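Below is one structure, written out as structure tokens; comments come after it.
The values are calculated or read from the model by the stated rules, or taken from the named source; none is laboratory data. Predicted, not measured: the structure shown is a model, and the values here were computed from it. FYI the Cβ positions are ideal-geometry reconstructions off the backbone, even for glycines, and counts take in every protein chain you see.
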Amino acid sequence: MVLQDHRDVKDQRVYAPIESNSKLSKVGPTLEDRMKQYRESVEQPSQYWARVAKQNFFWKTLWESDDSVFSFNFDKSKGPIDIKWFDGATTNICYNAVDRHIEEGKKDKVAFYWEGNDVGETSAVTYGQLHDEVSKLAYLLKTKYGVVKGTRVSIYLPMITLGPIAMLAVARLGAVASVVFGGFSAHSLSARIIDSESTVLITAEGTMRGDKPIQLKKIVDEALTDAEAQGVACKAIVFERHGRDGVPMKEGRDVWYQDEIAALPAEAASTPVEWVEAEHPLFLLYTSGSTGKPKGLEHTTGGYMVYAHTTFTTTFDYHDDDVYFCTGDIGWITGHTYATWGPLLAGSTSVLFEGVPTHPTPSRWWDIVDKFKVTQFYTAPTAIRALMKGGEAPVKKTSRASLRVLGSVGEPINVEAWNWYYNVVGEGHCDIVDTWWQTETGGHMITPLPGNTPLKPGSASLPFFGVQPALLDPTTLKEVEGAGEGLLVIKHSWPGQSRTIFKDAERFAQTYFPVDGYYMTGDGARRDADGYYWLTGRVDDVLNVSGHRLGTSEVECAVNTHPDVVESAVVGIPHDVKGEGIYVYVCFKEGVEITQKLLDSVKAIVRNEIGAIATPDAVHPANGLPKTRSGKIMRRILRKIAAGQLDELGDISTLADPSVVEELIALKAVWV
Ligand code: WTA
């Protein structure tokens, strides 16, 4: 594993927490307040989490003893990897996210303000309405599709309220949701339907992204046909978003959501919840790793519920009359934990936005902030960098006076983007919470807390309550003490931790617990003298493109399906908006003429196989790839050539054929 440094740490200024937030802060205004609670959370984790879990949730039956609400084994030499929280207790997360609030008098409180792609398309859903819609869908799933505890249901939707509704309905029945990002291709969708063996897919006929219509049903048709050919018969419930004209529906397989819901009996609006064990699976979310196909990370009910709510309310310093806006899509973990579960468990009002930040103008997000008086706003650095390019005017045109907290997620935030977020968007009156976490962690792991934690631009700062990070020296794999740099690992389980990879416990153990006793994050980090963490990027072959995770091997597999390709190698290159760009080296078959059209067709095939997010930024033809004598591709060299750092190639004498390097450089000069 190689430590790379993607940071830019010229600016070492420390910003004091915003004073008005300090007055509101639930944790307390000083770092000592935070540390006191942190110490309690790590010294007495069982009592700490038992208290939190009892305070904020309804449990049908409780765990046995507050002295042992968890058990875990991170050490393969001592037995199988095993993680359990609140074992023995029973609950239902949908009950906690919806029904409980109604019982507490929040029936008419708005759960979601929905804002469509086009200005003027807008609606609001109260907790009472949410309850009815969720109940009806749950009824439909149960009575017509036989969905029961444990059944997998796939969800492939744009950002409309049906997304959270579907997740809630599935959870109401104790079934397991697998949400697939709406930007993924038919191939990616079918692979996820097949792996999860989903029997139903909840989808829509289409959506708009800015000016661009996206015909989701076409992609769905291809995916379902493919899944069926591979033995997974999956039916589709299709939401009519724009119209039915020209949308083919397959008899016996596809139905319109609106028709089905309208035909339900009155009792459908009061479908009871299924009580499930705390360790009952809640959802699968597929994510890329450094090798092989995407893995279905499994999260379970009780621990995830407690962690989603606790991190949401603490990191965003949520108060009852706040209006929160997360731009993350429900197809990613951010959209799960911080656009759906966290906000709903807290009984909050939040904004769900279907469109893109630049449509119809680059002021769109800030217009939405003003329209709903948003108090907390959560997005990714890549979007901030893209908006920065458009200058300050589109931001300055709006008020944004309601904002208190600005969140960042998905990738390290560079100092320039941090400063712009802080000064231009936040006008110096908002704390920035740079939240480090992963699909696997379920919720925030390292983050500042508003009104409490002094901010250092570019640092995610300190561990959340109960989180025990450590740095391992990459050579000795021993813990680094004090200030230093290393592989970021976590020493103790936390409630939101993913429990396994669906159908592949072995891969889970190998990937995340290669060093006995530690959860390996795959990220590198530096810890400064104040104990602040500075994330330095992935240490494995995972790319982070616009905050989206992509495995280099996944992109290579897609490239290799091209009929003219012999082999390929993919590396990341620094990209000023996306953070990291995709750079593909391709060896074509003998006799194939290299043309711009050919190189473009390589881009197109990746786009079709995975989705637009994986479109390569550059395709570099190669006669051969630099390999060691044992046949391993030397990506380090490929990264340097891609980035044009030719004087930093290092030792190339260990290559089986050192002359390929010169050839690659020469071909770059012609084509890239
Ligand atoms: C990266 C997204 C630096 C990191 C929630 C991690 C970050 C991967 C940050 C997980 C941050 C996420 N600072 N890097 N604040 N947040 N990352 O699973 O490399 O899509 O391992 O989860 O994103 O990506 P994932």
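Details
Residues are listed down the side, and each one gets a yes or a no for (1) more than 21 Å from the chain's Cα centre (by Cα); (2) free of Cβ contacts under 8 Å to residues at least 24 places away in the same chain; (3) under 26 Å from Asp221 (Cα atoms):
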{"position": "Ala124", "(1), (2), (3)": "yes, yes, no"}
{"position": "Gln129", "(1), (2), (3)": "yes, yes, no"}
{"position": "Ala138", "(1), (2), (3)": "yes, no, yes"}
{"position": "Tyr145", "(1), (2), (3)": "yes, no, yes"}
{"position": "Val180", "(1), (2), (3)": "no, no, yes"}
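- Residues satisfying the stated conditions in the range 470-528, i.e. touching a helix residue (DSSP H, G or I) at 6+ places or on another chain (Cβ under 9 Å), within 15 Å of the ligand (Cβ to nearest atom) and without any contact (Cβ under 8 Å) to a residue 40 or more places away in the chain: Met520
- Meets criteria (within 16 Å of the ligand (Cβ to nearest atom) and touching a strand residue (DSSP E or B) at 6+ places or on another chain (Cβ under 8 Å)) for Val369: no
- Here Ser350 fulfils each of the conditions (1) among the polar types (S, T, N, Q); (2) under 27 Å from Leu130 (Cβ atoms); (3) more than 22 Å from the chain's Cα centre (by Cα) apart from (3).
- Screening the candidates Thr382, Thr375 for the property of being of a type in the set (Ser, Thr, Tyr) and more than 22 Å from Trp114 (Cβ to Cβ) yields one hit, Thr382.
- Residues of the range 56-73 that are in contact with a Lys or Arg (Cβ under 8 Å, 6 or more places away or on another chain) and under 22 Å from Gly517 (Cα atoms): Phe70, Ser71, Phe72.
- Pick from the range 60-84, criterion crowded, with 18+ Cβ neighbours inside 10 Å and touching a residue at least 60 places away in the same chain (Cβ under 8 Å), ranking: farthest from Lys491 (Cα to Cα): Trp63
- When restricted to residues that are surrounded by fewer than 17 Cβ atoms within 10 Å (Cβ to Cβ) and closer than 30 Å to Pro362 by Cβ, the range 219-246 contains 2.
- The range 430-452 residues that are touching a residue at least 24 places away in the same chain (Cβ under 8 Å), paired with ones that are within 7 Å of the ligand (Cβ to nearest atom) and of a type in the set (Lys, Arg) (beta carbon under 8 Å, 6 or more apart): Thr439/Arg549
- Checking Gly342, Gly355 one by one, the residue that is away from the ligand (no atom under 16 Å from the Cβ), at pLDDT 95 or above, under 26 Å from Ala177 (Cβ atoms) and not basic (Lys, Arg) is Gly355 and no other.
- Taking the criterion of being assigned to a loop (DSSP other than H, G, I, E, B), hydrophobic (A, V, I, L, M, F, W, C) and in contact (Cβ under 8 Å) with a residue 40 or more places away in the chain, the residues of the range 261-286 that qualify are Leu264, Val273, Trp275, Ala278.
- The range 365-382, residues that are surrounded by fewer than 22 Cβ atoms within 10 Å (Cβ to Cβ) and closer than 18 Å to Asp211 by Cβ: Asp367
- Tally, over the range 404-458, of residues that are among the charged types (D, E, K, R), within 11 Å of the ligand (Cβ to nearest atom) and within 16 Å of Thr315 (Cβ to Cβ): 1
- If only residues of the range 575-597 that are of a type in the set (Lys, Arg) and out of contact with any Lys or Arg (no Cβ under 9 Å at 6 or more places or on another chain) are counted, the one that is surrounded by the most Cβ atoms within 10 Å (Cβ to Cβ) is Lys589.
- Selected residue (criterion: surrounded by the most Cβ atoms within 10 Å (Cβ to Cβ)) from residues of the range 598-617 that are in contact (Cβ under 8 Å) with a residue 60 or more places away in the chain and in a helix (DSSP H, G or I): Ala614
- Complete set of residues in the range 322-339 that are within 16 Å of the ligand (Cβ to nearest atom) and in a strand (DSSP E or B): Cys326
- Tabulated pairs, the range 530-541, first over 18 Å from Ala483 (Cα atoms), second of a type in the set (Val, Ile, Thr) and surrounded by 21 or more Cβ atoms within 10 Å (Cβ to Cβ), C-beta under 6 angstrom, 6+ apart or interchain: Asp541/Thr552
- Options Thr595, Thr536, Thr561; residue that is within 14 Å of the ligand (Cβ to nearest atom) and on the phi < 0 side of the Ramachandran plot: Thr536
- When the residues of the range 638-659 are filtered to those that are among the β-branched types (Val, Ile, Thr) and over 12 Å from Tyr585 (Cα atoms), the one that is surrounded by the fewest Cβ atoms within 10 Å (Cβ to Cβ) is Thr654.
Residue-by-condition table, conditions (1) farther than 24 Å from Leu646 by Cβ; (2) away from the ligand (no atom under 16 Å from the Cβ):
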site	(1), (2)
Gly551	yes, no
Val586	no, yes
Ser601	yes, yes
Pro616	no, yes
Val619	no, yes
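- Within the range 123-132, the presence of a residue that is surrounded by fewer than 16 Cβ atoms within 10 Å (Cβ to Cβ), in a strand (DSSP E or B) and touching an Asp or Glu at 6+ places or on another chain (Cβ under 7 Å) is excluded.
- Top-ranked residue in the range 112-122 [being of a type in the set (Asp, Glu) and part of a loop (DSSP other than H, G, I, E, B); ranked as surrounded by the most Cβ atoms within 10 Å (Cβ to Cβ)]: Asp118
- Looking across the range 233-260, just one residue is assigned to a helix (DSSP H, G or I) and under 29 Å from the mean Cα position of the chain (by Cα), and that is Tyr257.
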